[in-house]
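Reviewing the structure listed below.
The values are calculated or read from the model by the stated rules, or taken from the named source; none is laboratory data. None of the values given here were measured: they were computed from a predicted structure. Keep in mind that these areas ignore ligands, DNA and RNA; they rest on the heavy atoms of the full protein, side chains included. Shrake-Rupley method; radii C 1.70, N 1.55, O 1.52, S 1.80 Å.
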Amino acid sequence: MPPPKYKNLIRLGFGLIFGIFLLLTSCIEEPESPELRELEVTEISQVRDWFESNKTNLRLPERGSNYRSESQELILPFFEKEPDWDQFHHYYFPDGREVFEVSLENATKYYPKTLLDSFPNQNPAELMIQNIMFVRHPTLDRFDPLIARYYPDNLNSIEKFNNISFSGLPFDWSGTLDIWTYDEHYLIGYKIDQGQITHTREMQVSAVNGKKGSFGPENMDEAIHCYVVATDWYDGNTGEYLGTTHAHTCEWQRGGSQGGSGSGGGDDYQRPPCCDDPIPVPPRDEPTYDPPSIPAPSTIINQLTNPCAADIFLELSKGNAYLTDITGLGSLDIFPGMLDLFEQSGQFDYRIQNGNTGSEAGGSTSPIVNGIITITLSNDYLLKATSLSIARTIIHETVHAYLRKQTSYRSATDMNTHQLLVEYGRKYPGIINDAHHSLMSQFILGMAVSLYNWDKKYGPTGGSLGFDYYYKMAFGGLVKNGTRELILEAKPYLPDGVSWDEIRKILENEATGNYQANGEKCD
Amino acid sequence: MVRSAIKTYLNLGLILFLFLGFQNVYSQKVKLLKKEQHLVINSIFKYSSEKQIKLYKKTLEYESWMGFIKTTNFEDLEVIGNCLIKDSEFEKEFNEFKNVMVNLGSKKINSKELDSKFKVKIIPSKNVSAISEPIIINEYSFQFIKSFYGRALNVQKKNDQGNWDYACGIYFPIDLQ
């Protein structure tokens, strides 16, 4: 039985969860700005025109139609690409290069043999996503095309075109993303587990003994273990042995956690028996063609480079589906539901990162910029705070992001929350931070449950602090703008006999990781 | 001794003359808000739970930050409330306001026209909000609100009873904490 003092909050919490559930199950597509889409359509037509004029010049010379040449490169049979120009993603690489990623849904599809093993009796072509990326050259008037193939690892990772792209992998997606040149030379592959890159792989010209590598995401501070995996290749149609290549496979290991240990490079690529025979590639006119450099794919939201914070975020996102819950409050865990809401909206627009915020606050949530809301955790704060405090801040900022999404005219889909925002917006005219914090006071119990669940399953104390402690921490940040005073609307939710000053002291202990903190420093 | 006293009187006289002269010019140049505009201001803060609303005596002139209303696509603005650009009535008035907002000038608020919870301040400070002259266009009134803690365009709408009420707040983009 839940403690009686939380009953009203539980009712409210259930109402909110029910609202989120209704929203998730209703699959409301987020309307896109007509003007923005119109502009993108104009731009995609320029890409199409460029592609139609240049596609014959994009192939590497004298590669023939084999899977591989004597160079031991992995080369799939070339086929003429006919992009579906009506389906595309538009985004930018971190270095500013513009990218259009267009569907190749109706084209010939290649897939690794392991896909068949994971999904027996299913048509792999219907499970995978195959796109062509057009990377605008930074200085020349041209695009560099690349082929992106997304292979899911499990049923939950089977996505529709709209929900996945190189810059927008769902936060919990697991599978393999392989990048090929336009004429099907293997470029680089990424093994992704729950939105995290765990391995990269490159096909080598010749076998190289295991060594330390340095390629891959530059901004990830992990230990890298690289090794070579020999792979035998077969013709998917005839079963003919083609030879052996050596995949230089690197495993990313985040500090303090166990990375996966799969080979990542041992897949046998096959093409479906339905496909036409490979089209011989004629020698091309142009003398050279270098594929563009590419950054690591974005795990759509988790761009934290602080390993501890990144782990906490992932753990929070997993929620509490299978956790035995002694308080009876487990189902109020709001964090995973809010992330799902962003994903379900069809246009994923949530990022979390760390950086120098120049503020005393542990985190901040940006306005919507180019359709993206970015949460930034302060580097200074991450150095001092306990993991419990960081989890609290991530939850708090995510509620801000959720409310921002509900605020925006463009993405307001949860009318209950939108209506509540109107109520608080008129109470605090001109000060959006106060409007948010006053509404967030109604999420205190849900935030406390998310924090409790995280600590119970992943945290340093195993949830042993007593639910009241997490409940008190959930008040963190709910202050009147520019002051240290608790916002008026949160005061009725203070536990009996507990003052705001007492709670503030707990929050400060955890935020600074001092000797009175119950959590452990996140380093 | 006598000279010093005369000098003091002269100085005081000069200060008084300048002050009165300034007051005269000021009162001639800075106009008072109209009664209806004061009703709008009362309505903006009627839901506030603050015991006292501190408001700067002079209304805001046009400032460059206000341009976010013009430079941002409406669908990308952060709007709390029920202002819908697809509502042809609102769209018309909103566009009209965008055209005239650059002419916003400083006017005086008459504290006697405001509810008792307002405290009109002549010196701006951290806890004092400033508001632009309410621009009433048909059933809508548009006014910017600026404080140390946030900036927004507030929109009030006249209801069926003829009273001004909250329609929406359109927020200047800032980081939340």
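Observations on the model:
- Those residues of segment B:43-64 for which accessible area with every protein chain present is at least 50 Å² below the isolated value (1.4 Å probe): B:Y47, B:S49
- Segment B:132-166 and segment A:364-395: distance between their alpha carbon centers, rounded to Å: 33
- Interface residues in segment B:140-177 - accessible area drops by 50 Å² or more relative to the isolated chain, probe 1.4 Å: B:Y149, B:Y166, B:Y171, B:D175, B:L176, B:Q177
- Heavy-atom accessible area ranking, 1.4 Å probe, most first, across B:D87, A:D141, A:D95, A:D311: A:D141, A:D95, B:D87, A:D311
- Greater than 21 Å apart at Cα, pairs in A:K480/B:K112; A:K427/B:K117; B:K51/B:K121; A:K505/B:K51; B:K46/B:K158; B:K46/B:K157: A:K480/B:K112; A:K505/B:K51
- Of the solvent-accessible surface of segment A:367-523, computed with a 1.4 Å probe and all protein chains present, 47% belongs to carbon and sulfur.
- A 1.4 Å probe run over the protein chains yields, for segment B:31-171, 48 Å² of accessible area per residue, whole-number rounding.
- Size of segment B:31-171 from its Cα atoms: along the principal axes, largest to smallest, the extents are 38, 36, 29 Å.
- Chain B against chain A buries an accessible area of about 3100 Å², both chains summed, 1.4 Å probe radius.
- For segment A:382-523, average projected area of the Cα convex hull in nm²: 9.0
- Accessible area ranking (1.4 Å probe, heavy atoms, ligands and nucleic acids excluded), largest first, for A:R484, A:R136, A:R201: A:R484, A:R136, A:R201.
- Per residue, the convex hull around the alpha carbon atoms of segment A:388-472 comes to 95 Å³.
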